[in-house]
Amino acid sequence: MDKRNLLLISNSTNAGEKYLDWCKTMIKEFCEENKVSDVLFIPYAGFAQGYDKYEKKVADVYAEFGVKLHSIHREENPLQAVINAQCIAVGGGNTFYLVKEMQRLGVMQAIREKAMAGTPYMGWSAGSNVAGLSLRTTNDMPIVEPESFETMALVPFQINPHYTDFVDPKHGGETRDDRINEYIAANQTTFVAAIREATALRLKDGKLSLTGRDNKMKVFHFGKETKEYSLTDDINFLMK
């Protein structure tokens, strides 16, 4: 029986909306469904704004629906905090910094083990990125060097959050599609799920679905036609 219980959100903020506002109901329902009253927050991706500030910004949103959230950076023993966690949320920011800190503190494997055993896991942006096989399809600048690019493999494919196929006519550089096509050319057996803003991947009872607002996901694989999938399409082939 597949115990994984994941909510992998593309983005925290839509243009013109408050922080986590677009996905707040989704997070609330995820917590209610799993009877979550306390969440351990992993803030490392948002180091530039300061962990205390980041914790408060997220905790204020969760408090609106009666869930307590506290950050791992306050814990004397981060590993034990993960082991004891009722639910884990990993915030967005820089994926390279997030992975470096998770590796340095020895919590990445512990989070993986918890999530694989059924502990509810939610992430957005970088927090969704690290649920995939590696950080190789992040959009972030490599500002630090982690020990490895490998991440938690909570799902058996790559994730590209914030996906857009917008092409700026004034920009002559590579598009997002160009970059992902480079990845699949170098990693020919791996799928890439490119999730647009205001969407999320939900894994429950072994079933993977696209949820959120009416927006499509694009899936890339070497040698296959790149296809888009809507909220009602079956995307469980990604789990094989």
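The values are calculated or read from the model by the stated rules, or taken from the named source; none is laboratory data. Because the structure is a prediction, the values reported are computed rather than measured. Methodologically, a virtual Cβ is constructed for each residue, glycine included, from the backbone with ideal geometry; neighbour enumeration extends over all protein chains shown. The area values use the complete protein model at the heavy-atom level, side chains included, leaving out ligands, DNA and RNA. Shrake-Rupley method; radii C 1.70, N 1.55, O 1.52, S 1.80 Å.
Quick notes on this structure:
- Matching entry among Ser134, Ser148 (being farther than 27 Å from Val67 by Cα and touching a strand residue (DSSP E or B) at 6+ places or on another chain (Cβ under 6 Å)): Ser134
- Within the range 182-229, the residues that satisfy the criterion of being without any contact (Cβ under 8 Å) to a residue 40 or more places away in the chain and among the polar types (S, T, N, Q) are Gln188, Thr189, Ser209, Asn215.
- Matching residues in the range 208-240 - criterion: being out of contact with any strand residue (DSSP E or B) (no Cβ under 8 Å at 6 or more places or on another chain) and not polar (S, T, N, Q): Asp214, Phe222, Gly223, Lys224, Glu225, Asp234, Phe237, Lys240
- Residues that are open to solvent by 10 Å² or more (accessible area, probe 1.4 Å), within 18 Å of Ser125 (Cβ to Cβ) and of a type in the set (S, T, N, Q) within the range 191-212 comprise just one, Thr211.
- Residue list for the range 54-80, filter: closer than 20 Å to Leu6 by Cβ and touching a strand residue (DSSP E or B) at 6+ places or on another chain (Cβ under 9 Å): Val58, Val61, Tyr62, Val67, Leu69, Ile72
- Hits in the range 213-236 (condition: over 15 Å from the mean Cα position of the chain (by Cα) and open to solvent by less than 60 Å² (accessible area, probe 1.4 Å)): Asn215, Lys218, Val219, Phe220, His221, Thr226, Tyr229, Ser230, Leu231, Ile235, Asn236
- Residue list for the range 10-33, restricted to those being part of a loop (DSSP other than H, G, I, E, B) and among the aromatic types (Phe, Trp, Tyr): Tyr19, Trp22
- Residue in the range 14-36 that is closer than 27 Å to Gln158 by Cα, polar (S, T, N, Q) and modelled with pLDDT under 95 present: yes
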